[in-house]
Structure formats: C-alpha cells, structure tokens
Ligand code: ADP
Ligand code: MG
C-alpha cells in the first residue's frame, strides 16, 4: 500500500462532528449502566468516530494518541457483540505488555459486568495451568500478549474456531517490540472470516505493511493531533545546556510545581540516578525500569496508584501503556529519541477528560526534533525559562502564605489574639514571626531530610523500602516538635516546659544510618518504654503538636508521661511507658482525623 492510497481512505473528519452520547449509540442497557458506573459520561472522539464501522463489522485502523480511550473504543462494541450464552472465544485482543493485557481485561470486564461477559488475561510469567483452566471455563474475550497466546495455540489449549474479532491494541508498540512474527503466525491461524481492528497511537511503516497484508478494505480513522493533544495536554519546554540535568530538573520542578509526575529517561541507569537525586532534593520519588522484577514493578505500580509516590522515574519500555492517568505531569528529563516516543510519553498525562501538562528539558541537540514534531504532529512546545532563584522563592512564599491561611484563617480568635497584636508591634516582631514560621515549616522538613539521607546513603533497594512504606523500621529516632507552652491545655500548664523541649537535632545528626544497635543502646536506659504505631503521618497533614494535645486531653496524663514522638511520612510512633501504654493506645484510637478514627497499635519491636 503506497502512501497516497493510504491517505485516500483516511477519514480525518466526518463532516459536522455529531455529538454522540452513549444513549444514542443504541447500546444494551447493561452496557450503558456499566459505563455510567465507570464514570464515563460521553464517548471520546475516537470512540465516537470508530463506533459505526466497528459495529458494522468492518475492518478498522484507528489512530489516536495515548490516553484518548482506545480501549473502550473497541471494548464497548465487543461487549455489545458478544453472546454471553456462548462458551467459546469470540474476541482476541493482542497487547504489547502484560500490564496492558491486564488493564484491557479489567476495562472490558467492567464494561461487560452487567452483561455476564467473561474475560481472561493471558500473558507470560504467569501460571500456564491456571490460564488453561480459566480458558476452559468458557471465556468470550481474551486479552493477551502475542508470545503467550501463541504458546497456547501451539499447545492446543486455546481454540479460535468461533472467533469473530481480533484486535491489535497499541499496534505500533507491539511491532516496535518485535512481535511482528508472532502476530502474523497468530493471525494466520485464525478463521479467515473475521473482523480485524487495529488501534495505535502512530502508524509507522511496519503497521502499513501488516495491515495491507491482513486487512483488505479497512476504514482508516484518525483523530488528529491537534484535536486531542492541544485540547488535553499543554506542552512546555525549557532550554537547558544538558551538562547538569539533575540540577536543571529540580529547578524545572520547582518552577512548575507539579503535584505528581512521570519523569522519562532514555536509559535505565538514568532512572535510578534521577530518582535518587529527586529524593535528595526532598521529593517522594521511585524508579521503574525493565531491570526490576515483575513483582517489584507491580509493587511500584500499586504504590503509585495508592498515591504513595509522587514522582515516578521511568524508561519508555517500563512505562508502556501503563495507566497512570492521575499523574498531572509528564516530564521529559531526556528528550525522546523518536517523535513517536514523544507522542507516547506525553499521552501518559491528561487522559480522557482531564488536563495534563508535558514538560521537556530540551538541549541544543534536540532542536531538530522539535521542528519535526511541529511539522508532523502540529505540536508546538511553548518555551518557558527557568525562573531566577528569587522568583522561585517568591512562589514558595506565596504558597506558604496560602498554607497558613488555610490552616489558621478560620481559627477562632481566642486568647492569643491579644498576644498576636502585641507581637506585631514589638520591636522584634519580624524576628519573632520569622522564628515561629521557621518552627512551623522547618520542623517537618528536618524529619523528611533525615529520612532521605538514610535512603540515599545506605539502603540498596530503595524502591522496596519506599513501597513497604517501611522507612518506619529504620531505627532512627526523631524528636518530637517542642510543644509550645500555649499548645498544652491550660489546666495542664503545670507541665514543666523543659520537659517538652527535648534536644532536637543533635540526635538526628548522630543517628546511625546502617545498624540499629547504637540507636537501641541509646534507648535502653529509658526502661520500660514501648512504642505505639499510628497510621497517619506528616503527609496526611497530622501534626505532632495536635496529636499530643489530643492525647493529653483524652487521657488527662501530663505531656511528660509521653516519650519521644517520631512522625514519618505516613505514620507516627509514640513512645509510652508500660504503665500508661493501654490508656494512650485507647486514646489515640479515639482521635478523629480527617473524618476517620486514627488506627493505633503496639509497634513491632525493632
Ligand atoms: P488509550 O488506549 O487511547 O491510551 P485508554 O483506553 O487507556 O487510552 O483510556 C485512558 C483513560 O481514559 C482510561 O483510564 C479510561 O478508563 C478513560 N476513559 C476512556 N473512555 C472514557 C470516556 N468516554 N469517558 C471518561 N473516561 C474514559
Ligand atoms: Mg490503549
């Protein structure tokens, strides 16, 4: 098929874009219901545009950027066409990776949940026998990776005699991963009379070759770059020299302040270096690349889904097709080597209906690629410049003021109002306020930094550590924030203030990083002290002072009867003597925090 022939059949624009709703698609009620439950309000452009052709049983080549809802574009009609009463495989979806096979299976079975459609994911690295059992139990839709599907075909454990539809999902990825032979062999073994659907973000030559071999008169439907990209993703670039990328990356992050981000590197080594550097700079980062075992990758992915990690540093291969739609930014730490690479990467953000931002560090060598990006995909990256230190500081300060306003803006006026007024007019007003602010903001940071120092220096498998959230077991003891006099309940003001003002930073600096022995030794003289584990920490917005105040209020114990408090990202440990242990344990479990009760249990002994 020559280029011009190919373009001829391309249906770039079906004239006046009709607004189609799921209701008007004449779908079965159970499907409409399921889509509603999935939060799909209306079809995305690629779903609208491919619908008629797919329903009519024609072969389709569909091109749309990553994140535009291609899965449901074939998933919805497939589920509609399946006869749930039948026990043989009606549709086969080939995907490039296991993660994608799982993701597609998940989505298709959600769409089909009220129609009794049965699905299975078939991929390598999982038990063959279990897959055979699953297939034999009678599934109608299979999503699988080419290698494993072919294995099943060769062993005769999957039969496709009744197959009606084959889908090549993320076809460009599959081909670029070298699956062309497997795909051909699979298709050759399928019934001749079937519908074939090909979904892809880009249509490179090898796809044209494959499609011309297997698909005669296909409808070629493409949702163009501007239609999708410009609408959902904003593309920014920063010109950098390329000589000190980690530093530039942090500056870019400080300027953009993304809530969360997928950071792309071109090599596997880079992912680790960059993740480490980000951690050192105070960000919650992890890396993922194909060196990680499947198990570890899944751990990283689930902690991403749970929001435990804000920055995921990845290679293209590791990030393929993975749905990380809640991440707000994609950052190209290194500019991708191909234009398709750029499209795939940036498609990871701003998924259907949500806005996203793509930010690229661009060196002089990348300028040529930018030009082609504009030419081929009509993508224009908006250039931004790194703000000067001052600008960054002002931005941070304004954010901190917001934070303070959020926290104290609605506070009742109370007894400290008078004091505040006096402080404001005091000759040392600026210094006093600065000191208070330092305590307020730096307290948390000290804890965080010391944890990162540990990560950076000593623990080899930082990803695992990160995942388990098991910074907790690291035997470093962080001190409680000094409890300011006024934070203690008035009737408890007999609490000696010195008791609360324990040494603060000294121990942080001397805390051993590798072994627990010294830290243990330091604790022994404290006698019968045990720790209570609390399931919330600094990142959850908990403050030591608040926690202590509540415990004091609920138990009636003086603050001095409580030992050290270490507050970590997502957990807190309170040292309590045996005598008061149960009382404090009960009290903590009664504290309401963000609309739930805190969970408290005896901490495991280190
Ligand atoms: P693609 O295959 O084009 O990269 P996906 O099929 O993975 O994109 O879809 C991206 C995300 O958008 C998924 O989280 C999916 O559940 C969601 N999505 C798909 N269609 C819709 C829709 N009509 N409305 C809302 N969200 C959708
Ligand atoms: Mg997809």
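Values in this text are rule-based calculations from the coordinates and carry no lab data. It should be emphasised that the depicted structure is a prediction, and the values quoted were computed from it without experimental measurement. Cβ: placed from backbone, ideal geometry, glycine included. Neighbour counts: every protein chain shown.
With the contact rule set at Cα under 8 Å and sequence spacing of 6 or more, what percent relative contact order holds for the stretch 141-221?
36 percent
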### Summary
Here the gain from full extension of residue 440 to residue 397, 0.36 nm per residue of separation minus their alpha-carbon distance, amounts to 14.1 nm
### Query
Of 221, 207, how do they rank once you tally other Cβ atoms within 10 Å and put the fewest first?
207, 221
### Query
Running Debye on the stretch 135-231 with equal point scatterers at the Cα sites and no solvent, what base-10 log of I(q)/I(0) appears at q = 0.13 Å⁻¹?
-0.50
### Summary
Proxy exposure order for 59, 578 (fewest C-beta within 10 Å first) is 578, 59
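Give me the number: length gained by fully extending residue 269 to residue 306, i.e. 0.36 nm times residue separation minus the C-alpha to C-alpha distance, one decimal in nm.
10.7 nm
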### Message
If a paramagnetic tag sat 7 Å from the Cα of residue 243 along the Cα-Cβ line, which residues of the stretch 354-370 would have the backbone N under 19 Å from that point?
### Response
361-367
### Task
Just subtract the alpha-carbon distance of residue 325 and residue 180 from 0.36 nm times their residue separation and send over the number in nm, one decimal.
49.3 nm
### Computed FRET value (nearest 0.05) for residue 382 with residue 422, which takes r as the C-beta separation and R₀ as 51 Å
0.55
### Query
Where does each of 359, 82, 132 land when they are ranked from fewest to most other beta-carbon atoms within 10 angstrom?
132, 82, 359
### Query
Using the Cα atoms as the points, what is the convex hull volume per residue of the stretch 33-78 in Å³?
73 Å³
#### Entry: Extent along principal axes [Cα atoms of the stretch 104-174; Å; largest to smallest]
33, 32, 25
